[in-house]
Amino acid sequence: MQTKQAVNVLLVEDDDKAARHIEGIVAGEAPFQVQRVRSLEEAERALEQSQFRISLLSLDLTKQPGLGALALLQAVAPGLPIVTLAKEDQETLALKAVHQGAADYLIRSQIYPTVLIRSLKHAIEFRRAQELKEQYERALKWERDFNSALVGTAGCLFVVLDRYGRIVEFNHTCETISGYRTAGVRGKYLWDVL
């Protein structure tokens, strides 16, 4: 039987009561494990020592409240999904945090077990989907560049047409023989060019 690997959650919260509430919820939910810190300085040290899959960040830290805290945590841990924690009167601030890259936000008075765990799982899965998309885009770019180089340097005439017979690619050999430049023929019908 395969056991799930622990999902380390960094909780940046200087309010003891709020931290205990969140820790109590997450403690009963495998595979999550919470490490709490009280400041961004402690968060930076914790990030140097351990791998975290997600962070819960209070938007009303005593030393660094608001969006500045988010920006600092993003600078220290780029790519780490961050779910912000806000008071009821800070929902506008929490929305701004999402616009600045936070994965989600939670209002403290509305943090229930199902809501918190769903938010954590969603943020982690969303980040994983972003990583896969970035990998796919890099692979696709490499393939396009490779194919373009292959077509461009082929010693034979090489014309790529779309399904309607319009020119999509026209290699260097075609340019040399025909006298046309690729930019001038791209999108034109082959029979109009030849």
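Numbers for the structure displayed
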item: Sites Ala149 and Asp16 - FRET efficiency at Förster radius 45 Å, r taken between beta-carbons, to 0.05; result: 0.15
item: Cα-derived Rg over Rh, computed across the stretch 108-184 with Rh taken as Kirkwood radius; result: 1.43
item: Lysine pairs with alpha-carbon atoms under 17 Å apart, the chain, spacing 8 or more or separate chains; result: 5
item: Net charge, Leu95 excluded, C-beta distance under 14 Å - Lys, Arg +1, Asp, Glu -1; result: -2
item: Centroid-to-centroid separation of the stretch 123-146 and the stretch 154-191 [C-alpha atoms, Å]; result: 30 Å
item: Residue-averaged [θ]222 nm for the chain, counting only DSSP H segments that reach four residues, each worth -39500 (n - 2.57); result: -15500 deg cm²/dmol
item: Entry for Rg and Dmax of the Cα atoms in Å (calculated from the structure that is shown) out of (i) 30.1, 108; (ii) 16.9, 55; (iii) 26.1, 78; result: (iii)
item: Local electrostatic count at Ala69 - Lys and Arg +1, Asp and Glu -1, tallied over other residues with Cβ under 13 Å; result: -3
item: Accessible area (Å², per residue) of the chain, counting only protein heavy atoms and a probe of 1.4 Å; result: 63 Å²
item: Residue-count net charge about Leu59 - beta-carbon cut-off 14 Å; Lys, Arg +1, Asp, Glu -1; result: -4
item: Fully extended contour minus Cα-Cα distance, from Glu48 to Ala139, at 0.36 nm per residue; result: 29.7 nm
item: Rounded to whole Å, sorted largest first: equivalent-ellipsoid semi-axes of the stretch 1-106, Cα gyration tensor; result: 22, 15, 14
item: Length added when fully stretched, Asp192-Ser109, from 0.36 nm per residue minus Cα-Cα; result: 23.0 nm
item: Volume in Å³ per residue [convex hull over Cα atoms, computed for the stretch 1-62]; result: 71 Å³
item: Heavy-atom accessible surface of the stretch 36-194: percent carbon and sulfur, 1.4 Å; result: 55 percent
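The values are calculated or read from the model by the stated rules, or taken from the named source; none is laboratory data. Bear in mind the structure is a predicted one, so any value in this text is a computation, not a measurement. Cβ: placed from backbone, ideal geometry, glycine included. Neighbour counts: every protein chain shown. Keep in mind that these areas ignore ligands, DNA and RNA; they rest on the heavy atoms of the full protein, side chains included. Shrake-Rupley method; radii C 1.70, N 1.55, O 1.52, S 1.80 Å.
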